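Inspection log for the structure reproduced underneath, given as structure tokens.
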Amino acid sequence: MHLLVIEDDPRLVRLLRRLLEEDRHVVETATTGRDGVDIVEATTGIDAIILDIGLPDMSGLDVARKIRATGSETAILMLTARDTVGDRVNGLDAGADDYLVKPFAFEEFLARVRALVRRRYEEKSSVVTVGDLVVDGVARRAAFRGVALDLTAREYALLEYLALRRGHTVLREEIEDHIYGVNKLPSSNAVDSAICILRAKFGPEGRDLIRTKRGQGYVLEDPAA
């Protein structure tokens, strides 16, 4: 998934980026609240925001309010060292969906991020099944007919996004927003090439899982349904 980390501590930014990328997410970072809001305004493809409450230019509470003022419904996980009931209430009232107190266990952090993404796509289970394809959001892997698929991080991100929106036509522009960084503009045929590679990894029996909607995009669905 496409995530945004708004945090001014450079060491924590590097650590969170590494953890999230190892978990097969596409990660944007911002070290000020203003830059974070600008990224949110620049793309509709952010699935969740990890927001520090103590930023150099404005409070994370104000950042959350500004993000909500843009009309964005993107999930926000607020990070803070403040642990009173009042602090948690203020964060949630400002627009945060979840609240995590520093220091935190990284396993819990990753689990909360995954839970927020599932909630965004109205998924209760971390495992999505489409015909003979299984995408496991916790293990961060996929299998077709019981055989694990050898996927790069970007290929997994693309497959997970299509799986979460299974049965719906996903526009090329939406795919670009979700699997490429804001400043990493793909080539004109990058999405088509990525889809072609995914189909090849399914093998001949699974090529029909992803259908092309000409002039629109792609839909992942069980061809036997």
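The values are calculated or read from the model by the stated rules, or taken from the named source; none is laboratory data. Just so we're clear, the structure is a prediction, and the values are computed from it rather than from any experiment. Note that each Cβ is placed from the backbone with ideal geometry, even for glycine, and that neighbours are counted across all protein chains shown.
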Contact list, first residue from region 69-95 and closer than 19 Å to LEU55 by Cα, second anywhere and of a type in the set (Val, Ile, Thr) and assigned to a loop (DSSP other than H, G, I, E, B), beta-carbon distance below 6 Å, six or more apart or interchain, is MET78/ILE53; THR80/ILE53
Of LEU79, LEU100, LEU92, LEU51, the only residue that is surrounded by fewer than 20 Cβ atoms within 10 Å (Cβ to Cβ) and touching a Leu at 6+ places or on another chain (Cβ under 9 Å) is LEU100
Of LEU12, LEU19, the only residue that is touching a residue at least 60 places away in the same chain (Cβ under 8 Å), of a type in the set (A, V, I, L, M) and part of a helix (DSSP H, G or I) is LEU19
Over region 36-48, the set of residues touching a His at 6+ places or on another chain (Cβ under 6 Å) and either surrounded by fewer than 20 Cβ atoms within 10 Å (Cβ to Cβ) or over 20 Å from LEU12 (Cβ atoms) (or both) is GLY45, ASP47
In the set ILE39, ILE50, ILE46, the lone residue that is assigned by TED's automatic domain parsing to the domain that holds ASP83, at pLDDT 95 or above and under 17 Å from the mean Cα position of the chain (by Cα) is ILE50
How many residues of region 182-191 are within 18 Å of LEU159 (Cβ to Cβ) and at pLDDT below 70? The answer is 1
Taking region 32-74 and keeping residues touching a strand residue (DSSP E or B) at 6+ places or on another chain (Cβ under 7 Å), part of a loop (DSSP other than H, G, I, E, B) and among the charged types (D, E, K, R) leaves ASP47
